Amino acid sequence: MGMIIKADYFMLDQDGILRPIIYVHSGKELENNAISINAPLAKALQPVSPKFRAIRLQSILQKIVQELPTDSTICEFDAVFNPQYKIDVLTMLISACKANSFSVLWPGTYEDGRLIYAVEGRPDYKIYDINNYDVTVII
């Protein structure tokens, strides 16, 4: 089950907090220090045949994450939301976080216990009910 914490009450040094931490709204310092992984993802996926990209995406993401400094914050990972991949992005992020802990700047919105990516009507539109995931969402 996911946890939702208002940013006013969140302290970065809390022990035992669920991982990954997903920031819906973040401060400038966090945004400035976040590491974009879209380019490394695209570069690693490019030589893979399109029909095998969904299969390889998890291992590629884990490799990229393992090369990051521990407790990094990642951003700009929209490539993983490609609807052709038919993957659960939050489950993949949770799994990748086991290789090297990181937090996430969510590239969408939050509403009523749900993380939302894209806008309704778009092919990549997706809603994630936080109660179904072992994550901490900072709103």
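Points worth noting:
- Per-region count, segment 52-84, residues closer than 18 Å to residue 107 by Cα and among the aromatic types (Phe, Trp, Tyr): 2
- For residue 134, the conditions (1) under 26 Å from residue 70 (Cβ atoms); (2) surrounded by 17 or more Cβ atoms within 10 Å (Cβ to Cβ) are fulfilled apart from (2).
- Residue within segment 82-102 that is in a loop (DSSP other than H, G, I, E, B), over 20 Å from residue 123 (Cβ atoms) and without any contact (Cβ under 8 Å) to a residue 12 or more places away in the chain present: yes
- The set of residues in segment 89-103 being more than 17 Å from residue 130 (Cα to Cα) and either in contact with a Gly (Cβ under 7 Å, 6 or more places away or on another chain) or surrounded by fewer than 21 Cβ atoms within 10 Å (Cβ to Cβ) (or both) consists of 98, 99, 100, 101.
- Residues that are part of a loop (DSSP other than H, G, I, E, B), within 26 Å of residue 132 (Cβ to Cβ) and modelled with pLDDT of 80 or more within segment 1-36 comprise 2, 20, 24, 25, 26, 34, listed in sequence order.
- For segment 103-116, a residue qualifies if it is free of Cβ contacts under 8 Å to residues at least 12 places away in the same chain and not in a loop (DSSP other than H, G, I, E, B), and exactly one does: 111.
- Restricting attention to segment 56-73 and to residues that are β-branched (Val, Ile, Thr) and either surrounded by 13 or more Cβ atoms within 10 Å (Cβ to Cβ) or touching a Cys at 6+ places or on another chain (Cβ under 8 Å) (or both), the residue that is nearest to residue 138 (Cα to Cα) turns out to be 73.
The values are calculated or read from the model by the stated rules, or taken from the named source; none is laboratory data. Keep in mind it's a predicted model, so treat the numbers as computed, not measured. Quick reminder, even Gly has a Cβ in these numbers, built from the backbone with ideal geometry, and neighbours come from all protein chains shown.
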